[in-house]
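This report refers to the structure that appears directly beneath it.
The values are calculated or read from the model by the stated rules, or taken from the named source; none is laboratory data. These numbers were taken from a predicted model, which means no experiment stands behind them. Methodologically, a virtual Cβ is constructed for each residue, glycine included, from the backbone with ideal geometry; neighbour enumeration extends over all protein chains shown.
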Amino acid sequence: MKETHLPESQKREAVFICLSVAAVILCAALAFYFAVPLQDTAVQPLPDTAGLEQHMLVDLNTAGLSALCTLPGVGESRARAILEYREQNGPFARVEDAACVPGLTQTVVDSWKGQATVS
């Protein structure tokens, strides 16, 4: 087998290329290792949410501006209208009575099903 002798500059170039490739592979491996979160093999039970809907209900007779704005179709102006109506006419007897508020429609009030209540 015949040996070939490379000039010194080509040897340096080959070493540089090999080290560069090794550095790229190392960086890619480290990036993948730290980018992908390790999965916990134990199955975590979900928290008990029974009764949680009670805490998420918006009471039309006691809710403030920000709470009323959480209802579907209710922005700041409609929330203010609800507060003004409640101030002038007293508490709501039923959720459906909110359709009497100027600017609210029965469709909007119906979309609150399961989210609004009255005390």
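R80 meets all of the listed conditions (1) at pLDDT below 95; (2) surrounded by 12 or more Cβ atoms within 10 Å (Cβ to Cβ) but one, namely (1). Screening V21 against (1) part of a loop (DSSP other than H, G, I, E, B); (2) modelled with pLDDT of 90 or more leaves a single unmet condition, (1). Among the residues making up the stretch 82-108, those that are among the polar types (S, T, N, Q) and within 19 Å of L65 (Cβ to Cβ) are Q88, N89.
Let's see how each residue does on (1) exposed (fewer than 11 other Cβ atoms within 10 Å of the Cβ); (2) in the same structural domain as L57 (by TED's automatic domain parsing); (3) closer than 13 Å to L60 by Cα; (4) of a type in the set (V, I, T):
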{"position": "T70", "(1), (2), (3), (4)": "no, yes, yes, yes"}
{"position": "E76", "(1), (2), (3), (4)": "no, yes, no, no"}
{"position": "R86", "(1), (2), (3), (4)": "no, yes, yes, no"}
{"position": "R94", "(1), (2), (3), (4)": "no, yes, yes, no"}
{"position": "D97", "(1), (2), (3), (4)": "no, yes, yes, no"}
{"position": "V101", "(1), (2), (3), (4)": "no, yes, yes, yes"}
{"position": "L104", "(1), (2), (3), (4)": "no, yes, no, no"}
{"position": "V109", "(1), (2), (3), (4)": "no, yes, yes, yes"}
